Each structure stands twice: as structure tokens, then as C-alpha cells.
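Trainee: The structure is given below, and queries will be raised subsequently.
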Amino acid sequence: MRRISAVLLVLSLFLPLSGCTLSVYNNYRELERLQVIETVGFDAAEDGGVALSISAGRDASGREPVRASATARSVTEAMQELQDLSRSDELFFSGTGCILIGEAAASETARWLELVARSDSLRLDTPIFAVRSGEAAKLVTEAGGEEGDITQIMQALISFAEKNGPARIYTCAEAARSLVENGAALIGSVREAEDASKEGGLTAELDGYAILGSGGRLMGCIEGEDALGVGLFYGEPGRAALTLESGVTAELAGGSVGLAPVWDEAGNITGLSVEVSVDAIVMEVAPSLDLSAEAARARVEDELAERCGAWIYNILDKSISLGLDFLGLGQRLERGDPDRWHALPEPWPEQLPELELELRSSAKILNVREFSDAPDWGG
């Protein structure tokens with residue numbers, strides 16, 4: 001693990017110096033012979049082997065996307081087998097826009113991150129997702145059917161997530177860096193789903209985040225609405241639309257999470273005081289609700305605050321219960337008071353599982369003036 005950590009840390013630090021331009025010049029081929037691999041899947045095989053799956057996506061001519069898989073003792077060997085199958089086309093991996101790892105393979109995510117870090121073709125800035133309760137190969141080679149492909153599906157999911165939440169999309173570099181610095185990390189998670197547009201069709205759906213522990217081992221997940229709390233924790237909640245019991249549909253417009261450590265007399269951290277604040281814009285209002293009334297607005301804001309506060313509480317509670325700092329809490333607390341942090345009598349990993357949480361949340365409707373003087377549509 002020490003060797004893996006060293007490799008991932010050093011190479012992740014060089015991420016700003018890498019990218020498509022360097023990769024293209026290092027891997028120059030005749031353009032008409034290039035087959036750009038846009039999605040790659042890793043699955044665990046017997047005896048420590050690997051099942052590598054690839055999708056080239058659909059080109060401008062509308063040809064069927066190239067999809068294939070190979071099982072071998074190593075990724076390099078599997079790549080060579082796939083290259084042999086492609087005949088005259090040169091497989092070009094530097095254009096890969098997404099990496100999927102099957103759930104079994106996610107038990108050793110550090111292996112795949114190290115492989116990407118060492119590769120002269122795959123890139124560290126590539127988004128990475130775990131396939132929950134499934135294999136990457138099935139999605140890579142079958143999703144989308146004859147009219148689509150996994151590349152189109154993942155591009156749409158990533159675009160939707162960045163705009164509407166959960167807003168954070170983790171790359172290989174970010175996961176590697178967090179594993180080295182925090183001993184834990186998050187990566188996106190997807191699952192197999194039925195394509196509603198065609199009977200029996202296969203597609204992928206966002207499914208929150210996978211939690212990685214020591215060595216990149218899959219330790220749990222953040223699912224459902226709690227996944228929106230990850231973006232909110234970092235001040236990037238996206239524009240998720242929430243339908244509230246009070247009769248309002250509100251769209252998130254911003255937010256923040258403040259952390260303050262609770263210290264004991266010995267200088268240990270015994271708890272966290274958490275302040276959650278969110279801003280939202282009302283999109284729809286039930287006919288029976290009068291938002292021009294202060295009491296009605298207060299009920300809406302209280303409900304919104306409680307709902308968003310629950311996301312943050314749940315993900316912090318999961319971090320504490322697992323003893324895994326996948327949110328980078330330690331780094332954040334260290335920046336707040338470096339001297340006191342470095343004087344901790346006990347290591348942070350030993351204090352994390354014992355923390356108690358105290359959370360307060362608030363919400364503000366930004367466009368309340370639009371409802372203070374509602375127009376009289378009756379004429």
C-alpha cells in the first residue's frame with residue numbers, strides 16, 4: 001500500500017502538467033486509423049486477472065459504436081488482445097472520457113488508480129464511477145443497444161449531475177489524492193437500469209457515491225437524496241429541484257457548510273458543531289399557498305432547512321460510524337487552527353469515530369418578492 005500511495009501521490013501532483021495535448025503528441029498516429037476509446041471498464045477476473053471492456057462511441061458518420069471486451073492476466077495483455085481484434089485500427093485511449101469499475105473490482109480500486117497513473121495513454125483527469133451490484137463490462141458493451149452507447153449515456157449523466165446534482169464528479173486524480181491524504185475517498189456510482197424508451201433496453205443511472213477506504217477498498221455508499229449533500233458540503237449543491245410538503249417546488253441556488261471543532265480540556269476533538277445554510281428559488285407554488293404571508297414563507301424555509309440539513313448530518317454520521325474521512329474533515333479542521341491541530345494528543349483517525357455531532361440549519365428563499373404582491377389574474 002505504501003508503494004501504491006507514493007505512486008498515486010507523485011503522479012496526481014503532476015496532473016496540471018498533463019492532458020490531451022501532451023498525450024496526443026506522445027501517441028501520434030495516422031488520424032484515419034485511430035479508433036478513439038471513449039469509455040473503459042475494469043472488472044475483476046479469476047486468479048487476480050482483469051476483464052477489460054471498451055467502447056469507442058458513435059462517430060460522426062453514425063456507424064455502430066465499437067464495443068469489445070477481453071479477459072487476461074493484466075490490463076496490458078488485455079489491451080493487446082483488443083488491439084489484435086481491431087485489425088487495422090489503432091486503439092487510442094488518450095481520449096477516454098469515463099472509467100467504470102465493477103463492484104467486485106471496486107474492492108481494490110487503488111489497483112486501477114495506480115494503473116491509470118502509470119499508463120502512458122489513460123489520463124488521471126478522467127471521471128471514474130463504480131458500478132453498484134454489477135459489472136462494468138455489461139454496461140460498456142450492451143448499454144444503449146443499437147441506437148446508443150454507454151459513452152452517450154455517461155456524458156448525459158455527468159452533464160445532468162453537474163447542473164442539477166449531485167454536483168461533484170470525481171476524477172481518478174481526485175480519488176487517488178484523497179486516498180493518500182485522507183485514507184478514504186469518494187467516487188461516483190452508477191447502476192444498471194431498464195431503458196424506458198425501448199423494451200428490454202439497458203442503460204445506466206446515477207446512484208450516489210461509493211465510499212473507498214484503505215487501499216481503495218469499497219466500504220459503503222451514499223445513496224438517495226443524501227448524495228446531494230456531498231455537493232452542498234463543498235458549496236456546490238447544483239440546481240436540484242425539491243418538492244416540499246408545504247406545497248412549494250424550490251430549486252437550490254447555493255449553500256455552505258460551516259464546521260467548528262468541540263475541544264476537551266486535554267486538547268482532543270470530541271465533536272463537531274455544524275452550520276448548514278442553503279439558498280433556493282421558488283419555481284412552483286400550490287394554489288392554496290399564499291407566500292405573501294410571512295408565516296407561510298417561514299414554514300417553507302424551515303422545511304427546506306430541515307431537509308438539506310439531514311443530508312449533511314447523514315453523510316457526516318456515516319463518515320464517523322465508518323471511521324473514514326472521505327470528506328477531508330481533518331484537512332479542513334487543520335486549516336482552521338493549524339497550531340492546535342498539530343498539538344492533538346491522539347491521532348485524528350482515532351478521534352474521528354468518537355465524534356458527536358451538533359447541527360443547525362437555515363434556508364432562505366431568494367425570490368420571495370415575486371410572491372409578496374401577486375398579480376390579480378381575474379381582471
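Quick grid of which residues meet (1) in the same structural domain as TYR313 (by TED's automatic domain parsing); (2) hydroxyl-bearing (Ser, Thr, Tyr); (3) under 12 Å from the mean Cα position of the chain (by Cα); (4) not in a helix (DSSP H, G or I):
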site	(1), (2), (3), (4)
GLN152	no, no, no, no
LEU157	no, no, yes, no
ARG168	no, no, yes, yes
ALA173	no, no, no, no
ALA176	no, no, no, no
SER189	no, yes, yes, yes
GLU192	no, no, no, yes
TYR209	no, yes, yes, yes
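Trainee: For segment 204-218, does any single residue satisfy the condition of being more than 30 Å from TRP348 (Cα to Cα) and surrounded by fewer than 18 Cβ atoms within 10 Å (Cβ to Cβ)?
Mentor: Yes, because at least one residue in segment 204-218 is more than 30 Å from TRP348 (Cα to Cα) and surrounded by fewer than 18 Cβ atoms within 10 Å (Cβ to Cβ).
Trainee: Can you tell me which of ALA143, ALA185 is more than 30 Å from CYS308 (Cβ to Cβ) and either buried (at least 24 other Cβ atoms within 10 Å of the Cβ) or at pLDDT 95 or above (or both)?
Mentor: ALA143
Trainee: Sticking with this one: All but one of (1) surrounded by 20 or more Cβ atoms within 10 Å (Cβ to Cβ); (2) in contact with a Lys or Arg (Cβ under 7 Å, 6 or more places away or on another chain) hold for ALA110, so report the exception by its number.
Mentor: (2)
Trainee: I would also like to ask the following. Scan segment 257-264 and tell me whether some residue there is crowded, with 16+ Cβ neighbours inside 10 Å, modelled with pLDDT of 95 or more, at negative phi and of a type in the set (Gly, Ala, Ser).
Mentor: No, that holds for no residue.
Trainee: Related question: Could you identify the single residue in SER288, SER319 that is among the polar types (S, T, N, Q) and surrounded by 13 or more Cβ atoms within 10 Å (Cβ to Cβ)?
Mentor: Going through SER288, SER319 in turn, just one is among the polar types (S, T, N, Q) and surrounded by 13 or more Cβ atoms within 10 Å (Cβ to Cβ): SER319.
Trainee: From ALA286, ALA293, ALA240, ALA227, which residue is at pLDDT below 95 and under 18 Å from the mean Cα position of the chain (by Cα)?
Mentor: After ruling out the rest, the residue left standing is ALA240.
Trainee: Further question: When you scan segment 344-361, how many residues do you find that are surrounded by 17 or more Cβ atoms within 10 Å (Cβ to Cβ) and within 26 Å of the chain's Cα centre (by Cα)? Steps first, please.
Mentor: We begin by selecting, within segment 344-361, every residue surrounded by 17 or more Cβ atoms within 10 Å (Cβ to Cβ); these are 344, 348, 351-352, 355, 361.
Adding the requirement that they be within 26 Å of the chain's Cα centre (by Cα) leaves 348, 352, 355, 361.
Selection size over segment 344-361: 4.
Trainee: Given the structure, is GLU146 part of a helix (DSSP H, G or I), out of contact with any strand residue (DSSP E or B) (no Cβ under 9 Å at 6 or more places or on another chain), more than 22 Å from ARG118 (Cα to Cα) and not assigned by TED's automatic domain parsing to the domain that holds LEU252?
Mentor: So GLU146 does not fit the description; no.
Trainee: Restricting to segment 152-177, count the residues that are surrounded by fewer than 20 Cβ atoms within 10 Å (Cβ to Cβ) and β-branched (Val, Ile, Thr).
Mentor: Number of matching residues: 2.
Trainee: If you don't mind, there's one more thing I want to ask. So which residues in segment 97-112 are over 15 Å from the mean Cα position of the chain (by Cα), within 16 Å of LEU179 (Cβ to Cβ) and not basic (Lys, Arg)?
Mentor: Once the filter is applied, which keeps residues that are over 15 Å from the mean Cα position of the chain (by Cα), within 16 Å of LEU179 (Cβ to Cβ) and not basic (Lys, Arg), segment 97-112 yields ALA105, SER107, GLU108, ALA110, TRP112.
Trainee: Quick test of your reading of the structure: ALA130 fulfils all but one of (1) out of contact with any Leu (no Cβ under 9 Å at 6 or more places or on another chain); (2) under 11 Å from SER189 (Cα atoms); (3) touching a residue at least 60 places away in the same chain (Cβ under 8 Å). Name the failing condition by number.
Mentor: Failing condition for ALA130: (1).
Trainee: For segment 86-143, what are the residues that are of a type in the set (Gly, Ala, Ser) and assigned to a loop (DSSP other than H, G, I, E, B)?
Mentor: Correct list: SER86, SER88, GLY97, ALA104, SER119, SER121, SER133, GLY134, ALA143.
Trainee: Being in contact with a Pro (Cβ under 7 Å, 6 or more places away or on another chain) and farther than 21 Å from LEU218 by Cα is the requirement here; does ASP149 meet it?
Mentor: When the stated conditions are applied, ASP149 passes them.
The values are calculated or read from the model by the stated rules, or taken from the named source; none is laboratory data. On a predicted model such as this, the values are computed, not experimentally measured, just so you know. Every residue, glycine as well, gets a Cβ built from its backbone with ideal geometry; the counts of neighbours run over all protein chains shown.
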